[in-house]
1. If the reach is capped at under 20 angstrom between alpha carbons, list the aspartates and glutamates near Lys39, excluding any in the same chain fewer than eight residues apart.
2. Roughly how many nanometres apart are two label points built 7 Å out from the Cα toward the Cβ at Phe282 and Ala248?
3. Need the full-extension length gain, Ser329 to Asp103, defined as separation in residues times 0.36 nm minus the C-alpha distance. One decimal, nm.
4. For Ser95 and Ile299, calculate 0.36 nm times their separation in residues minus their Cα-Cα distance, and state this gained length in nm to one decimal.
5. Could you tell me the calculated FRET efficiency between Tyr42 and Arg364, based on Cβ-Cβ distance and R0 = 45 angstrom, to the nearest 0.05?
6. Report Rg(Cα)/(2.2 N^0.38 Å) for segment 86-180, keeping two decimals.
7. For Met339, what accessible area in Å² do you get when you roll a 1.4 Å probe over the heavy atoms of the protein chains, rounding to the nearest 10?
8. Calculated FRET efficiency, Gln271 and Asp160, Cβ-Cβ r, R0 30 Å, to nearest 0.05?
Amino acid sequence: MRVPANTAIAATPVLADPAGARARSAPSKRPRAVPMIPKLAYRNLFHDRLSLAVTLVGIVFSVVLVAVQFGIYLGSENRIAAMFDHAKVDLWVVSLGTKSFDDPSLLSGRERHAVLSTPGVASVEELAVGFVNWRKPGGGSTAALLVGSETTRSTDLPWDVTQGSIAALSAPSAVAVDATYFNELGVARIGARAEINNQQVTVAAVTQGIRSFTTLPYVFTTIATARTLLDAAPDQSSYTLVRVAEGASIESVRAALAARLPDAEILTHDQFRKRSLDYWLFETGAGSALIAGAVLGIIVGIVIVAQTLYASTKDHLNEFATLRALGASAGYIHKVILMQAVLSAVIGYLLGMCLSFVVIWASRDSTLLIVMTPNLALMLFALTIGMCVLAAVCAIFKVTRIDPAVVFSR
């Protein structure tokens, strides 16, 4: 019996082309469509380039102002706490009423022996600190803060020595100054001579970047030289630095020292550091002024962004009404406006941070220290996003009152 020819022909493709059948059944790869909310937000944002430019200027101004203000605040903290961060001790013996490291007064002179005889004390170091009159070699004078330390026992002070060495300070009347104060002190190199309180001194070492919050130059020397220049007794000092023995309780040693030295104040390292920061940043009002400036920058940014987003929303009310008439929910439109705010925030933040780094770089050798940390950068990003989202609320209130019927009355 013969199989009909048309049957064989019809059956042949099915058996001979299984790969083709699979190819035809496989779904075709198409490029993914951009989600509509970001797409609408992007087009609304870039439709009016002038409004976008105004928005970005407001955000950039706010980011730079807040970054600089908080950067100066952190830089001020670093300078106030610099001496504490480089003096690795557990307890400080200071005169009663001392407000900060830069508010020194001489102790009676019997503190060292009282501290050394206290159980739990491992070592003691003294600092002689005081304000002096620096007479420049070429004439004129300026105030400076003299810091005398036991350089033969400790190399913590001074730090960042770029010329000379700490050992060179052991020479008679030798001092170390910072290169950033050369013009103010009237010196330019190692070996330069000047006068401190009418006594001749020689620059034997140079540091780089040690600046004070009060802008007065730090001058470092040995404690013996400092006592001579400050006209102090051979056993007097401004601060007695105590290191507690391993295993001993800092609080127990502190209580014992407080009982032995009723005419002095015994502070932990963190207490004295915090007291100095609080005094210069808040009691003097310097920190409050910086924070107020940062808040002002945030307010200005919110106002500018809010005005621009509100104007942009009014210009697109008919489009939003059309979306409502087509069935879009109010929440959908709110997301479009919020996405506009977030896009503005991201672009403004990136531009503002670039400009902030330029400002920080340009001020690296100035009297103002501006610090940028990863935490501050993250805080600024969150702050910028929050500022723009808050500004979008005004526009959202306007859209909430849209009547979809207005699209049919045009």
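The values are calculated or read from the model by the stated rules, or taken from the named source; none is laboratory data. Note that the coordinates shown come from a computational prediction; the quantities given were computed from them, not determined experimentally. Neighbour counts run over all protein chains shown; Cβ positions are idealised from the backbone, glycine included. Note: areas computed on protein heavy atoms with side chains; ligands, DNA, RNA excluded. Shrake-Rupley method; radii C 1.70, N 1.55, O 1.52, S 1.80 Å.
1. Asp48, Asp315, Glu319
2. 3.2
3. Gain in length upon complete extension: 74.9 nm.
4. Here the segment from Ser95 to Ile299 would lengthen by 69.1 nm.
5. Efficiency for this residue pair is about 0.75.
6. Here the answer is 1.25, to two decimals.
7. 60
8. Working from the Cβ atoms, E equals 0.70.
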